[in-house]
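Notes for the one structure printed next.
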Amino acid sequence: MESGLQCGRRDGVATVRLHHPAKRNAMTAAMWRELPPLLDDLAADAAVRAVVLTGSGATFCAGADIASLRGDSAPQGLALAAEERLAAFPKPTLAVVRGFCVGGGCQLAVACDLRFAAEGARFGITPAKLGIVYPAPSTRRLVELVGPSAAKHLLFSAELIGTDRALRTGLVDEVLPEEGLDARVTEFTRALTRRSQLTQAAAKEFAAGPARPDRVRYWSGQAASGTEAQEGVAAFLERRAPVFTWSPPTGAGPST
């Protein structure tokens with residue numbers, strides 16, 4: 001496959017790999033279109049409890065493949081649709097970044113719940129180099145993550161920043177040596193798959209913005225009608241690992 005998305009599922013974790021090695025995993029129009037239905041499929045798979053988004057080889061994503069988008073009537077719309085679907089995914093998402101994470105690649109990483117990076121990774125959001133207006137939802141998501149000043153620094157200058165600044169501003173959550181990154185991701189995602197999906201899904205929705213009263217009632221009802229808390233308390237008292245059984249309804253995601 002010259003370019004596209006690769007997906008593997010193992011032990012409750014789906015790994016989605018951006019694959020376009022000829023252009024450092026730059027996103028083609030086909031790749032942008034491929035991501036939303038893939039995410040829908042993973043959301044509907046009860047065996048998948050978390051998703052890792054990463055790139056093939058030593059690069060996360062160098063941005064959009066401009067040549068492949070030139071003839072498209074709405075290239076920004078494709079990227080935004082994929083970003084929004086990723087942000088609304090009802091289960092935890094983790095971007096694992098090596099090398100360059102630029103433009104549309106950074107847009108996807110920001111749409112994930114968390115970001116782990118290898119030392120030496122480089123981040124940038126570069127529409128100012130192309131005279132492009134960065135989408136309003138993408139700008140708001142970036143501001144919510146790193147704050148107005150850091151977001152303006154990235155958007156105004158289009159400069160690339162290293163992991164030290166990315167960690168300091170909150171653009172990434174953990175920075176690890178290359179040789180330890182995979183082990184940490186495996187450890188962390190294994191922990192995610194053992195936690196309550198009810199807790200995770202409700203927290204993800206509440207973190208996305210002010211919760212409507214009907215959604216608060218929905219989550220209260222889900223908690224009251226299930227056995228998650230009972231299992232958690234029983235496991236704690238019995239000194240064993242809990243076995244949580246709640247799973248998000250198909251199509252459920254953070255309220256917008």
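Values in this text are rule-based calculations from the coordinates and carry no lab data. A quick note: this is a predicted structure, and the numbers were derived from the prediction, not measured. All Cβ positions, glycine included, derive from the backbone under ideal geometry; neighbour counts span all protein chains shown.
Using only side-chain charges placed at the Cβ, +1 for Lys and Arg and -1 for Asp and Glu, the dipole size of the chain relative to its Cα centre rounds to 260 debye. Cross-link partners for Lys204 among the lysines, with Cα-Cα distance under 24 Å and sequence neighbours closer than 8 places in the same chain left out: Lys91.
Remark: Ile125, Ile161, Ile132 ranked as Ile132, Ile161, Ile125, counting other beta-carbon atoms within 10 Å and listing the fewest first.
Projected onto the charge dipole of the chain (+1 at Lys/Arg Cβ, -1 at Asp/Glu Cβ, origin at the Cα centre), which of Ile161, Ala26, Phe89 gives the Cα projection farthest towards the positive end? The residue sitting most towards the positive pole is Ile161. A Cβ-based charge dipole, computed about the Cα centre of segment 1-109 with Lys and Arg at +1 and Asp and Glu at -1, lands at about 300 debye. Legend: ranking of residues His153, His20 from fewest to most surrounding C-beta atoms inside 10 Å; resulting order His153, His20.
Evaluated at q = 0.12, 0.23, 0.27 Å⁻¹, the base-10 log of the normalised Debye intensity for segment 163-229, with identical point scatterers placed on the Cα atoms, takes the values -0.52, -1.00, -1.13. Rg and Dmax, both from the Cα atoms of segment 74-137 and both in Å, are 12.2, 35. Note on segment 196-256: dipole from Cβ charges, positive end direction compared against Ala241, Ala207, Tyr218; the farthest Cα belongs to Ala207.
Amide H contacts of Val13 (H built 1.01 Å from N, in plane; Pro and chain starts excluded): Arg49 sit under 5 Å, all sequence-distant by 5 or more or on other chains. Using a Gaussian network model of the chain in which every pair of alpha carbons under 10 angstrom is joined by a spring, one finds that among Val243, Val102, Val146 the greatest mean-square fluctuation is at Val243.
Taking 28 Å as the straight-line reach from the Cα of Lys23, the lysines in range (excluding those fewer than 8 positions away in the same chain) are Lys129, Lys152. For the chain, the fraction of alpha-carbon pairs lying more than 35 Å apart is 15 percent, rounded to a whole number.
Within the shell defined by Cβ-Cβ distances under 15 Å, the residues around Pro210 carry a net charge of +2, with Lys and Arg each +1 and Asp and Glu each -1.
Whole-Hz Karplus values for segment 80-89 come out as 5, 4, 5, 4, 5, 5, 5, 4, 8, 4 Hz, taken residue by residue from phi with 6.51 cos²θ - 1.76 cosθ + 1.60 and θ = phi - 60°; glycine and proline positions read x.
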